[in-house]
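Enquirer: Let me give you the structure first, and then I'll get to my questions.
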Amino acid sequence: MLNIVLFGPPGAGKGTQSTKLIEKYKLVHLSTGDILRGEIAQGTALGLEAKKLMDQGILVPDAVVIGMIRNKLESNKQANGFIFDGFPRTDAQAQALDSLLEELNTSISMMLALKVDEEELTKRLLIRGKDSGRPDDSDESVIRKRIDVYNSQTLPLINYYSNQNKYYSVDGIGTVQEIF
Ligand code: ADP
(Lines give C-alpha, C1' and ligand atoms only; values in the text may rest on other atoms or scores of the structure.)
Protein backbone atom coordinates (compact mmCIF):
# COMPACT_ATOMS: atom_id res chain seq x y z
CA MET A 1 0.00 0.00 0.00
CA LEU A 2 1.07 3.58 -0.66
CA ASN A 3 0.03 5.66 2.34
CA ILE A 4 0.87 9.36 2.12
CA VAL A 5 0.54 11.98 4.81
CA LEU A 6 0.03 15.20 2.86
CA PHE A 7 1.21 17.88 5.21
CA GLY A 8 1.30 21.66 5.31
CA PRO A 9 -0.32 24.74 6.80
CA PRO A 10 -3.88 25.83 5.93
CA GLY A 11 -3.85 27.09 2.35
CA ALA A 12 -0.70 25.19 1.33
CA GLY A 13 -2.57 23.38 -1.45
CA LYS A 14 -3.11 19.97 0.16
CA GLY A 15 -6.57 19.53 -1.33
CA THR A 16 -5.39 20.47 -4.84
CA GLN A 17 -2.39 18.15 -4.80
CA SER A 18 -4.47 15.35 -3.23
CA THR A 19 -6.77 15.35 -6.24
CA LYS A 20 -3.83 14.80 -8.57
CA LEU A 21 -2.14 12.16 -6.40
CA ILE A 22 -5.36 10.19 -6.01
CA GLU A 23 -5.87 10.10 -9.75
CA LYS A 24 -2.31 9.03 -10.49
CA TYR A 25 -1.92 6.39 -7.77
CA LYS A 26 -5.58 5.36 -7.31
CA LEU A 27 -5.64 6.19 -3.64
CA VAL A 28 -8.49 6.82 -1.23
CA HIS A 29 -8.64 10.44 -0.04
CA LEU A 30 -9.23 10.93 3.68
CA SER A 31 -9.64 14.57 4.69
CA THR A 32 -10.78 15.10 8.27
CA GLY A 33 -11.79 18.69 7.36
CA ASP A 34 -14.06 17.41 4.57
CA ILE A 35 -15.55 14.72 6.82
CA LEU A 36 -16.23 17.32 9.53
CA ARG A 37 -17.83 19.71 7.02
CA GLY A 38 -19.99 16.78 5.87
CA GLU A 39 -21.18 16.29 9.46
CA ILE A 40 -21.98 20.02 9.70
CA ALA A 41 -23.92 19.91 6.41
CA GLN A 42 -25.97 16.98 7.71
CA GLY A 43 -26.61 18.80 10.98
CA THR A 44 -25.41 15.93 13.19
CA ALA A 45 -24.67 16.47 16.90
CA LEU A 46 -20.99 15.90 16.17
CA GLY A 47 -21.13 18.48 13.37
CA LEU A 48 -22.73 21.08 15.64
CA GLU A 49 -20.02 20.62 18.28
CA ALA A 50 -17.22 20.62 15.73
CA LYS A 51 -18.50 23.77 14.01
CA LYS A 52 -18.08 25.84 17.19
CA LEU A 53 -14.38 24.94 17.26
CA MET A 54 -13.75 25.11 13.52
CA ASP A 55 -15.25 28.61 13.26
CA GLN A 56 -12.67 29.76 15.82
CA GLY A 57 -9.77 28.00 14.11
CA ILE A 58 -9.28 25.61 17.04
CA LEU A 59 -8.68 21.86 16.64
CA VAL A 60 -11.47 19.36 17.16
CA PRO A 61 -10.61 16.83 19.94
CA ASP A 62 -8.20 14.05 18.96
CA ALA A 63 -10.66 11.30 19.92
CA VAL A 64 -13.25 12.63 17.47
CA VAL A 65 -10.98 12.75 14.41
CA ILE A 66 -9.21 9.49 15.28
CA GLY A 67 -12.62 7.76 15.47
CA MET A 68 -13.52 9.15 12.05
CA ILE A 69 -10.29 7.89 10.49
CA ARG A 70 -10.73 4.48 12.14
CA ASN A 71 -14.18 4.11 10.52
CA LYS A 72 -12.87 5.12 7.11
CA LEU A 73 -9.94 2.70 7.26
CA GLU A 74 -12.27 -0.12 8.25
CA SER A 75 -14.65 0.57 5.40
CA ASN A 76 -11.88 0.78 2.76
CA LYS A 77 -9.91 -2.40 3.38
CA GLN A 78 -9.44 -3.09 -0.34
CA ALA A 79 -7.79 0.28 -1.05
CA ASN A 80 -4.45 0.60 -2.90
CA GLY A 81 -3.51 3.12 -0.28
CA PHE A 82 -4.61 6.34 1.38
CA ILE A 83 -3.86 10.04 1.28
CA PHE A 84 -4.25 11.62 4.68
CA ASP A 85 -5.07 15.30 4.17
CA GLY A 86 -5.31 17.50 7.27
CA PHE A 87 -4.63 14.49 9.50
CA PRO A 88 -2.66 13.84 11.68
CA ARG A 89 -2.45 17.30 13.23
CA THR A 90 -1.14 16.39 16.70
CA ASP A 91 1.34 13.92 18.12
CA ALA A 92 -1.50 11.84 19.59
CA GLN A 93 -3.15 11.61 16.16
CA ALA A 94 0.12 10.50 14.52
CA GLN A 95 0.60 7.77 17.11
CA ALA A 96 -3.00 6.61 16.77
CA LEU A 97 -2.65 6.50 12.98
CA ASP A 98 0.44 4.29 13.24
CA SER A 99 -1.43 1.83 15.48
CA LEU A 100 -4.50 1.76 13.23
CA LEU A 101 -2.36 1.06 10.16
CA GLU A 102 -0.42 -1.61 12.02
CA GLU A 103 -3.70 -3.45 12.66
CA LEU A 104 -4.17 -3.47 8.88
CA ASN A 105 -0.57 -4.75 8.42
CA THR A 106 0.52 -1.58 6.70
CA SER A 107 2.22 1.72 7.57
CA ILE A 108 2.82 5.31 6.45
CA SER A 109 5.06 5.39 3.36
CA MET A 110 5.98 9.07 3.54
CA MET A 111 5.06 12.53 4.68
CA LEU A 112 5.01 15.07 1.84
CA ALA A 113 5.22 18.55 3.37
CA LEU A 114 4.19 21.55 1.26
CA LYS A 115 6.21 24.67 2.13
CA VAL A 116 4.47 28.03 1.72
CA ASP A 117 5.23 31.27 3.60
CA GLU A 118 2.68 32.88 5.90
CA GLU A 119 2.00 35.97 3.81
CA GLU A 120 1.15 33.84 0.75
CA LEU A 121 -1.07 31.55 2.88
CA THR A 122 -3.16 34.42 4.23
CA LYS A 123 -3.59 35.81 0.72
CA ARG A 124 -4.68 32.44 -0.68
CA LEU A 125 -7.12 31.74 2.16
CA LEU A 126 -8.83 35.12 1.90
CA ILE A 127 -9.31 34.52 -1.85
CA ARG A 128 -10.60 30.97 -1.18
CA GLY A 129 -13.02 32.36 1.44
CA LYS A 130 -14.70 34.53 -1.20
CA ASP A 131 -16.06 31.58 -3.17
CA SER A 132 -15.80 28.56 -0.85
CA GLY A 133 -18.22 30.06 1.65
CA ARG A 134 -16.05 28.60 4.44
CA PRO A 135 -16.51 30.88 7.47
CA ASP A 136 -13.00 30.06 8.71
CA ASP A 137 -11.53 31.41 5.44
CA SER A 138 -13.42 34.71 5.52
CA ASP A 139 -11.98 36.23 8.69
CA GLU A 140 -8.33 37.22 8.83
CA SER A 141 -8.09 36.73 12.61
CA VAL A 142 -9.37 33.14 12.29
CA ILE A 143 -6.84 32.51 9.51
CA ARG A 144 -4.03 33.80 11.78
CA LYS A 145 -5.32 31.61 14.60
CA ARG A 146 -5.25 28.51 12.37
CA ILE A 147 -1.70 29.29 11.30
CA ASP A 148 -0.70 29.73 14.99
CA VAL A 149 -2.35 26.42 15.92
CA TYR A 150 -0.53 24.79 13.00
CA ASN A 151 2.84 26.20 14.10
CA SER A 152 2.43 25.19 17.74
CA GLN A 153 0.57 21.86 17.58
CA THR A 154 1.05 20.45 14.08
CA LEU A 155 4.51 21.53 12.88
CA PRO A 156 6.31 19.29 15.44
CA LEU A 157 5.02 16.28 13.47
CA ILE A 158 7.85 16.94 11.02
CA ASN A 159 10.15 15.55 13.72
CA TYR A 160 7.88 12.56 14.25
CA TYR A 161 8.17 11.54 10.59
CA SER A 162 11.77 12.62 10.02
CA ASN A 163 12.79 10.39 12.94
CA GLN A 164 11.32 7.54 10.90
CA ASN A 165 13.10 8.80 7.70
CA LYS A 166 9.72 9.50 6.10
CA TYR A 167 9.84 13.27 5.78
CA TYR A 168 10.01 14.91 2.32
CA SER A 169 9.70 18.66 1.85
CA VAL A 170 8.16 20.12 -1.33
CA ASP A 171 8.18 23.77 -2.49
CA GLY A 172 4.49 24.75 -2.43
CA ILE A 173 4.88 27.89 -4.54
CA GLY A 174 4.47 27.61 -8.30
CA THR A 175 1.89 26.22 -10.68
CA VAL A 176 -0.21 23.22 -9.63
CA GLN A 177 1.63 21.10 -12.20
CA GLU A 178 5.11 22.23 -11.12
CA ILE A 179 4.35 21.37 -7.51
CA PHE A 180 2.84 18.03 -8.48
P1 ADP B 1 -7.25 23.87 6.56
O2 ADP B 1 -6.10 22.94 6.27
O3 ADP B 1 -7.46 24.89 5.52
O4 ADP B 1 -7.23 24.46 7.95
P5 ADP B 1 -9.12 21.68 7.09
O6 ADP B 1 -10.33 21.41 6.29
O7 ADP B 1 -8.06 20.66 7.10
O8 ADP B 1 -8.60 23.06 6.51
O9 ADP B 1 -9.53 21.99 8.60
C10 ADP B 1 -10.54 22.89 8.96
C11 ADP B 1 -10.80 22.81 10.47
O12 ADP B 1 -11.31 21.50 10.80
C13 ADP B 1 -9.57 22.97 11.37
O14 ADP B 1 -9.29 24.32 11.64
C15 ADP B 1 -10.00 22.18 12.62
O16 ADP B 1 -10.89 22.94 13.42
C17 ADP B 1 -10.80 21.02 12.03
N18 ADP B 1 -9.94 19.84 11.79
C19 ADP B 1 -9.70 19.27 10.57
N20 ADP B 1 -8.87 18.21 10.69
C21 ADP B 1 -8.57 18.10 12.01
C22 ADP B 1 -7.75 17.23 12.76
N23 ADP B 1 -7.04 16.25 12.18
N24 ADP B 1 -7.69 17.42 14.11
C25 ADP B 1 -8.39 18.40 14.71
N26 ADP B 1 -9.17 19.26 14.06
C27 ADP B 1 -9.28 19.14 12.72
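Enquirer: For the stretch 48-138, what number of Lys pairs, 8 or more residues apart or on separate chains, have alpha-carbon atoms under 23 Å from each other? The partial results should precede the final answer.
Expert: Numbers: K51/K72; K51/K130; K52/K130; K115/K123.
Close lysine pairs found across the stretch 48-138: 4.
Enquirer: Name the residue from G47, V28, I66 whose Cα lies farthest towards the positive end of the charge dipole of the stretch 21-70, charges +1 on Cβ of Lys and Arg and -1 on Cβ of Asp and Glu.
Expert: Toward the positive end, the furthest listed residue is V28.
Enquirer: Would you tell me the accessible area of Y167, worked out with a 1.4 angstrom probe on the heavy atoms of the protein chains, in Å² to the nearest 10?
Expert: The accessible area of Y167 comes to roughly 70 Å².
Enquirer: In what sequence, largest accessible area first, do D136, D91 appear using a 1.4 Å probe? Mind dumping the intermediate values first?
Expert: On the way: D136 15, D91 70 Å².
Order by accessible area, largest first: D91, D136.
Enquirer: Let me ask something else about it. Quote the accessible area belonging to V65 in square angstrom, nearest 10, computed with a 1.4 Å probe and with ligands, DNA and RNA left uncounted.
Expert: Around 10 Å² of this residue is reachable by solvent.
Enquirer: If you don't mind, there's one more thing I want to ask. If I take every Cα pair under 8 Å that is 6 or more residues apart in the stretch 28-87, average their sequence separation and divide by the length, what percent do I get for the relative contact order?
Expert: Details: 45 pairs, mean separation 34.3, N = 60.
Answer for the stretch 28-87 is 57 percent.
Enquirer: Counting only trypsin sites (Lys or Arg not before Pro) that sit in a DSSP loop (anything but H, G, I, E, B) with at most 13 other Cβ atoms within 10 Å, what is the longest stretch of the chain containing none of them?
Expert: Working: sites that count: K26, K77.
The longest such stretch corresponds to 78-180.
Enquirer: Turning to a different aspect of this structure: Between R70 and E49, what length comes free when the chain is fully extended (0.36 nm per residue of separation minus the Cα-Cα distance, one decimal in nm)?
Expert: Details: separation 21, 0.36 × 21 = 7.56 nm, distance 1.96 nm.
Extra length available between R70 and E49 comes to 5.6 nm.
Enquirer: Okay, next question. For the stretch 109-152, what is the relative contact order in percent, using Cα pairs closer than 8 Å and at least 6 residues apart in sequence? The partial results should precede the final answer.
Expert: Details: 21 pairs, mean separation 12.2, N = 44.
Relative contact order for the stretch 109-152 comes out at 28 percent.
Enquirer: With all protein chains present, how much of the accessible area of the chain (probe radius 1.4 Å) comes from carbon and sulfur, to the nearest whole percent?
Expert: Details: 4680 of 9300 Å².
Carbon with sulfur: 50 percent of the solvent-accessible area.
Enquirer: Also, quick follow-up: Write down the accessible area per residue of the chain in Å², having rolled a 1.4 Å probe over the full set of protein chains.
Expert: Details: 9300 Å² over 180 residues.
Per-residue value: 52 Å².
Enquirer: Counting C-alpha atoms alone, how compact is the chain: give Rg to one decimal and Dmax as a whole number, in angstrom.
Expert: Here Rg and the maximum Cα pair distance are 15.6, 43 Å.
Enquirer: Ok, one more. How much accessible area does L36 have with a 1.4 Å probe, in Å² rounded to the nearest 10?
Expert: Answer for L36: close to 10 Å² accessible.
The values are calculated or read from the model by the stated rules, or taken from the named source; none is laboratory data. In this text, all values refer to a predicted model and were calculated from it rather than measured experimentally. In this analysis, Cβ positions are derived from the backbone assuming ideal geometry, glycine residues included, and neighbour counts consider all displayed protein chains. Heads up: the accessible areas ignore ligands, DNA and RNA and are worked out on the full protein's heavy atoms, side chains in. Shrake-Rupley method; radii C 1.70, N 1.55, O 1.52, S 1.80 Å.
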